[in-house]
Amino acid sequence: MSLRILVTGGAGFIGSALVRHLASESDAAILTLDKLTYAGSLTSLAPVDNHPRHRFVRADICDAPAVRATIAEFRPDVIAHLAAESHVDRSIDGPGAFIQTNLVGTYTMLQAALDHWRSLEGAAKERFRFHHISTDEVFGSLGPTGLFVETTAYDPRSPYSASKAGSDHLVRAWGHTYGLPVLITNCSNNYGPYHFPEKLIPLMIIKCLAGEKLPIYGKGDNVRDWLYVEDHVRALRAVFERGRPGETYNVGGCNEVTNIGVVERICDLLDAMAPRADGASYRAQMSFVADRPGHDKRYAIDATKIGRELGWRPLETFDSGLARTVRWYLDNRGWWEAILKQRYAGERLGVNA
Ligand code: NAD
Ligand code: DAU
């Protein structure tokens with residue numbers, strides 16, 4: 001039987017990858033609900049324009065009547081809840097939007113989902129899942145060794161991660177108290193096509209091509225565990241189709257790289273794919289700037305549970321995924337040039353602490 005899947009935040013980076021995947025690789029009916037903040041782009045959904053199984057609704061997840069009306073009309077089997085304010089640096093400059101969307105918005109989604117679930121009967125009630133897409137940042141920062149597991153204690157340290165930790169707690173509370181069949185995934189840093197240019201990897205590619213300095217925070221020795229976005233959406237699908245309600249699954253790419261290592265690899269790929277006119281390496285543009293306030297040192301995920309229980313594993317290595325990503329930014333200048341012109345021009349964010 002084909003599922004009816006409501007994707008909040010489906011015009012964003014990961015949400016649009018999930019929508020494109022479901023449109024091409026499943027028989028699901030898909031509804032995207034998105035406010036189209038600065039981070040949402042209908043152009044990321046252009047590949048599913050006029051797709052017979054996809055519809056788009058512009059709405060704010062904090063707007064309870066709009067959310068309730070959308071759910072009542074679409075009658076989802078799955079709510080994949082991705083809508084959020086997602087950028088750590090912006091949470092330093094302006095935490096209010098993070099509290100509103102990530103906490104109040106998630107509460108609003110949970111209340112509407114609960115009423116919907118209670119209205120269902122039989123197989124439809126059994127089938128329903130509320131899946132919250134969360135982050136490894138809720139676990140805080142690791143030292144040189146160790147990995148985040150599902151039972152690692154929460155220790156969020158930025159306004160962004162604190163708001164996501166709070167939303168995880170709300171989701172678990174609605175599961176325990178009301179019996180709502182909830183799922184949570186906590187994943188590491190995604191990268192790939194349609195990534196908003198404020199984030200490290202697209203920002204560095206775009207600044208390389210513009211001949212600008214590449215701003216590396218601090219010493220560049222912070223470590224992130226990079227996950228190709230299409231590997232992530234396969235994990236999400238495995239979880240909402242086959243995961244056990246009430247459970248949490250960590251999702252990671254097994255690709256720990258320092259920030260400086262990421263920037264060097266981008267430079268090397270561009271040296272080969274789009275060499276500078278003067279013949280010098282893009283590495284000449286690397287520069288070190290003041291660190292992010294409260295910068296978490298290292299994130300790394302143990303993804304054993306989702307592998308053991310649901311058979312998921314990442315298919316891309318960091319080298320293969322990064323090469324595909326750099327190629328995509330070279331071939332899709334129109335997508336990111338429009339964003340640079342209208343919404344974000346590459347300026348430094350998150351220094352107002
Ligand atoms: P994104 O910033 O690219 O997209 C967020 C989307 O949510 C946008 O389309 C935006 O318009 C929409 N949105 C924001 N506020 C809204 C509101 N009030 N109502 C309706 N829509 C709203 O984010 P992303 O990187 O795709 O992340 C998606 C989810 O995954 C987030 O919940 C994020 O916390 C989580 N996550 C992201 C990463 C990552 O590396 N990008 C890693 C772990 C977890
Ligand atoms: O770990 C998962 C998280 O990954 C998600 O929950 C967030 O939504 C997502 O934005 C991402 O958070 P990060 O803060 O890790 O991503 P960002 O791309 O902002 O930064 C990655 C690293 O690169 C981080 O250590 C800061 C550094 N950095 C970032 C920028 C934008 C730089 O050195 N220079 C930069 O210009």
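Here are a few things to note about the model shown:
- ILE71 being in contact (Cβ under 8 Å) with a residue 24 or more places away in the chain and farther than 30 Å from GLY346 by Cα: yes
- Number of residues in region 306-331 that are in a helix (DSSP H, G or I), open to solvent by 20 Å² or more (accessible area, probe 1.4 Å) and among the hydroxyl-bearing types (Ser, Thr, Tyr): the value is 1.
- Among the residues making up region 208-239, those that are of a type in the set (Phe, Trp, Tyr) and within 16 Å of the chain's Cα centre (by Cα) are TRP226, TYR228.
- Flag: PHE56 matches the condition of being away from ligand 2 (no atom under 16 Å from the Cβ), of a type in the set (Phe, Trp, Tyr) and on the phi < 0 side of the Ramachandran plot.
- Under the condition of being more than 16 Å from TRP335 (Cβ to Cβ), open to solvent by 20 Å² or more (accessible area, probe 1.4 Å) and either polar (S, T, N, Q) or touching a residue at least 12 places away in the same chain (Cβ under 8 Å) (or both), the residues counted in region 1-13 number 3.
- Filter pass, ARG118 being of a type in the set (D, E, K, R) and within 22 Å of PRO197 (Cα to Cα): no
- None of LYS207, LYS213, LYS199, LYS219 is in contact with a helix residue (DSSP H, G or I) (Cβ under 9 Å, 6 or more places away or on another chain), of a type in the set (D, E, K, R) and within 12 Å of ligand 1 (Cβ to nearest atom) except LYS199.
- Some residue of region 169-181 being within 16 Å of ligand 1 (Cβ to nearest atom), closer than 22 Å to SER16 by Cβ and either in a helix (DSSP H, G or I) or hydroxyl-bearing (Ser, Thr, Tyr) (or both): no
- Number of the exception - ALA238 against (1) crowded, with 24+ Cβ neighbours inside 10 Å; (2) in contact with a Phe, Trp or Tyr (Cβ under 9 Å, 6 or more places away or on another chain): (1)
- Selection of first residues in region 203-220 that are modelled with pLDDT of 95 or more and of second residues that are basic (Lys, Arg) and within 16 Å of ligand 1 (Cβ to nearest atom), restricted to Cβ pairs under 7 Å at least 6 apart or on distinct chains, gives the following pairs, ordered by first then second residue: TYR217/ARG292.
- Failed item, numbered, when ALA39 is tested on (1) near ligand 1 (Cβ under 8 Å from one of its atoms); (2) in a helix (DSSP H, G or I): (2)
- Residues of region 268-305 satisfying the condition of being within 16 Å of ligand 2 (Cβ to nearest atom), assigned to a helix (DSSP H, G or I) and either touching a residue at least 24 places away in the same chain (Cβ under 8 Å) or exposed (fewer than 13 other Cβ atoms within 10 Å of the Cβ) (or both): TYR282, GLN285
- Residues in region 200-240 that are within 12 Å of ligand 2 (Cβ to nearest atom) and acidic (Asp, Glu): GLU212, ASP221, ASP225.
- Each residue in region 15-47 was checked for being in contact with a His (Cβ under 6 Å, 6 or more places away or on another chain) and surrounded by fewer than 21 Cβ atoms within 10 Å (Cβ to Cβ), and 1 pass.
- For region 174-199, the candidate set comprises residues that are near ligand 2 (Cβ under 8 Å from one of its atoms) and in contact with an Asp or Glu (Cβ under 8 Å, 6 or more places away or on another chain); within that set, the residue that is most open to solvent (accessible area, probe 1.4 Å) is ASN189.
- Residues located in region 332-353, provided they are surrounded by fewer than 14 Cβ atoms within 10 Å (Cβ to Cβ) and touching an Asp or Glu at 6+ places or on another chain (Cβ under 6 Å): ASN352
- Checked against (1) near ligand 1 (Cβ under 9 Å from one of its atoms); (2) in contact with a strand residue (DSSP E or B) (Cβ under 9 Å, 6 or more places away or on another chain); (3) within 24 Å of ALA165 (Cβ to Cβ), VAL78 meets all criteria but (1).
The values are calculated or read from the model by the stated rules, or taken from the named source; none is laboratory data. In this text the structure is predicted, and so the values were computed from the model without any measurement. Note: ideal-geometry Cβ built from the backbone for every residue, glycine included; neighbour counts use all protein chains shown. What goes into the accessible areas is simple: the full protein's heavy atoms, side chains included, and nothing from ligands, DNA or RNA. Shrake-Rupley method; radii C 1.70, N 1.55, O 1.52, S 1.80 Å.
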